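The numbers here are math on the coordinates, done by the rules we state, and not lab data. Note that the coordinates shown come from a computational prediction; the quantities given were computed from them, not determined experimentally. Counting neighbours? That spans all protein chains shown, and the Cβs are built from the backbone with ideal geometry, glycine included.
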Amino acid sequence: MSADYGISSYYRSRDGIYVNLFIPSRVSWSQNNTPCTLTQTTGYPRANATQLAVSLAHPETFALYVRIPGWAGTKTAVTVNGKRTNAVEPGKFLAIQRSWKEGDHIEIEFEMPLRLEPIDGQNLNNVALMRGPLALFAVGDIPSRITRSELLSATAVGSTSDDWKANTEAGVLTLRPFPAIMSERYRLYNRVES
């Protein structure tokens, strides 16, 4: 784990705390002289959900700001004690202002739609397939002709596998996140046709 995770996971403000990163972690602070702890459990980014549990000595009012990534789909939902909050806005922090008490919990479920990210504005046909924050690399035998729609129609192989499959004219293309790549050939950016 990078040392930066510890310093950029949470940020304090006068009126509460910001949740910036989604990693298993715990943060403690004092809000209006009340000791508070927020514990995060998650399998993110492999899983699309994260849970936050609040622990404090007595009820305290403050804002909890949850970062909603810019790639988050419209079905992304945040619940507090099982009740859905206001609509989320990708690319912004969702402010949850309330009187928090021991045992309160927040669940964030991200919609992680597939999307294509070009190298830059001059190379719009050289794209990486992305799922949420993860780049999916083409591995093994990579066909010379791939279309945008073939990449965007990729499906997960199964709940216990990191692999994704896309059907192309040349056959099945396997895609996987970088940490799951072993010794096979791989390529992140693929030239696509419309």
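Some notes on this structure:
- Using R0 = 25 Å, the C-beta based FRET efficiency linking residue 81 and residue 13 works out to 0.65.
- Calculated FRET efficiency for the pair residue 74/residue 124, C-beta based, R₀ 30 Å, to 0.05: 0.80
- Packing around the peptides 80-88, 186-194, taken as the average count of other Cβ atoms within 10 Å per residue, puts them in this order, highest first: 186-194, 80-88.
- The simple spin-label model puts a point 7 Å past each Cα toward its Cβ; for residue 46 and residue 105 those points are separated by 2.1 nm.
- Electrostatic dipole magnitude of the range 3-109 [Cβ: Lys, Arg +1; Asp, Glu -1; Cα centre; debye, to 20]: 140 debye
- Table column - 3J(HN,Hα) (Hz), the range 172-189, Karplus curve with 6.51, -1.76, 1.60, x for Gly and Pro: 7, 9, 9, 10, 8, x, 3, x, 8, 7, 9, 9, 6, 5, 8, 8, 7, 8
- Correct option for mean projected area of the Cα convex hull in nm² [calculated from the coordinates] among [x] 10.2; [y] 12.9; [z] 11.0: [y]
- The order of 174, 79, going from fewest to most other C-beta atoms within 10 Å of their C-beta, is 79, 174.
- Charged-residue dipole, Cβ positions (Lys, Arg, Asp, Glu), the chain about Cα centre, Debye nearest 20: 200 debye
- Potential extension, residue 193-residue 156 segment - 0.36 nm per residue separation minus Cα distance: 11.1 nm
- Protection proxy ranking for 55-63, 152-160, using the average of other Cβ atoms within 10 Å per residue and placing the highest first: 55-63, 152-160.
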